[in-house]
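Colleague: My questions will all concern the structure given below.
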Amino acid sequence: MAIRLGDIAPDFTAETTDGPVSFHDWKKDSWAVLFSHPKDFTPVCTTELGYTAKLKGEFEKRNVKVIGLSVDPLDSHEKWKKDIEETQGQAVNFPMIGDADRKIADLYDMIHPNASDTMTVRSVFVIDPNNKVRLTITYPAATGRNFDEILRVIDSMQLTDKYKVATPVNWKDGDDVIIVPAVDNETAKGLFPDGWDEQKPYLRVVKQPGK
Ligand code: BEZ
């Protein structure tokens, strides 16, 4: 069954390039990015894995752990990792799940048979510290994902959790944000003592808190 926003991310055990992982125990109180790629030794995936590894410091700043998956076995991942380091100038520094029996791919509905019977599509699941699924993204095999965008969405979700603000179209870190509709004006006075720009009763713009 498809996994929807707000669902508890299904738990699993897996063999990874960093040893066995029990997913919920492994992520503990962190956020997690679980992402699948179609196949080992493919060009787009090679660039994605190298770039994601380069973002390690950015993920750590946000308390996010990263884990990749493809339906190839671990020995294949280990060989491919050498190519990734050689071509992308960056070693993979997060676990890659070997899911040759497709157990986790099926659990997370990462195989879309009308796209391919055998390969996982490019799925991304962002899971919060309470194990709730907060973001799902599905890209086709031939289109590389934008991992800067994934960081941007994580920033937005963490701002919402901490400050009860939403982020407008094309928001970037440091831009103004919007008080969430669930916060009434009385409560907002306590949360945003410097006030806000009320463009409409439902559109209340404030400076990004915590900046
Ligand atoms: C790739 O990762 O490069 C790729 C995989 C499947 C189809 C097309 C591209």
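The values are calculated or read from the model by the stated rules, or taken from the named source; none is laboratory data. Values in this document were obtained by computation on a predicted structure and should not be read as measured data. All Cβ positions, glycine included, derive from the backbone under ideal geometry; neighbour counts span all protein chains shown. Keep in mind that these areas ignore ligands, DNA and RNA; they rest on the heavy atoms of the full protein, side chains included. Shrake-Rupley method; radii C 1.70, N 1.55, O 1.52, S 1.80 Å.
Colleague: Within the range 77-93, is there a residue that is within 24 Å of Ala141 (Cβ to Cβ), within 19 Å of the chain's Cα centre (by Cα) and more than 16 Å from the ligand (Cβ to nearest atom)?
Modeller: No, the range 77-93 contains no residue that is within 24 Å of Ala141 (Cβ to Cβ), within 19 Å of the chain's Cα centre (by Cα) and more than 16 Å from the ligand (Cβ to nearest atom).
Colleague: Condition first: within 20 Å of the chain's Cα centre (by Cα), modelled with pLDDT of 95 or more and within 12 Å of the ligand (Cβ to nearest atom). Can you find one or more residues in the range 49-57 that meet it?
Modeller: Looking for residues that are within 20 Å of the chain's Cα centre (by Cα), modelled with pLDDT of 95 or more and within 12 Å of the ligand (Cβ to nearest atom), one finds at least one in the range 49-57, hence yes.
Colleague: Let me ask you something else. Could you tell me how many of the residues in the range 61-104 are touching a residue at least 60 places away in the same chain (Cβ under 8 Å) and either open to solvent by less than 70 Å² (accessible area, probe 1.4 Å) or in a loop (DSSP other than H, G, I, E, B) (or both)?
Modeller: Total satisfying the criteria: 13.
Colleague: A further question on this structure: Out of all the residues in the range 15-48, which are over 23 Å from Gln90 (Cβ atoms), more than 15 Å from the chain's Cα centre (by Cα) and not acidic (Asp, Glu)?
Modeller: Result: Pro20, Ser22, His24, Lys28.
Colleague: Output yes when any residue across the range 163-173 is free of Cβ contacts under 8 Å to residues at least 60 places away in the same chain, among the small types (Gly, Ala, Ser) and either surrounded by 11 or more Cβ atoms within 10 Å (Cβ to Cβ) or more than 22 Å from Ser70 (Cα to Cα) (or both), and no when none is.
Modeller: Pass one, the range 163-173, residues free of Cβ contacts under 8 Å to residues at least 60 places away in the same chain: 163-173.
Narrowing the set further to residues that are among the small types (Gly, Ala, Ser) leaves 166.
Those left that are additionally either surrounded by 11 or more Cβ atoms within 10 Å (Cβ to Cβ) or more than 22 Å from Ser70 (Cα to Cα) (or both): 166.
So far as the range 163-173 goes, yes, one or more of its residues are free of Cβ contacts under 8 Å to residues at least 60 places away in the same chain, among the small types (Gly, Ala, Ser) and either surrounded by 11 or more Cβ atoms within 10 Å (Cβ to Cβ) or more than 22 Å from Ser70 (Cα to Cα) (or both).
Colleague: Of all residues in the range 117-136 being open to solvent by 20 Å² or more (accessible area, probe 1.4 Å) and within 16 Å of the ligand (Cβ to nearest atom), which is nearest to Ile179 (Cα to Cα)?
Modeller: Met119
Colleague: Another one. Could you please find all residues in the range 29-47 being within 8 Å of the ligand (Cβ to nearest atom), at pLDDT 95 or above and crowded, with 19+ Cβ neighbours inside 10 Å?
Modeller: Across the range 29-47, the qualifying residues are Cys45, Thr46.
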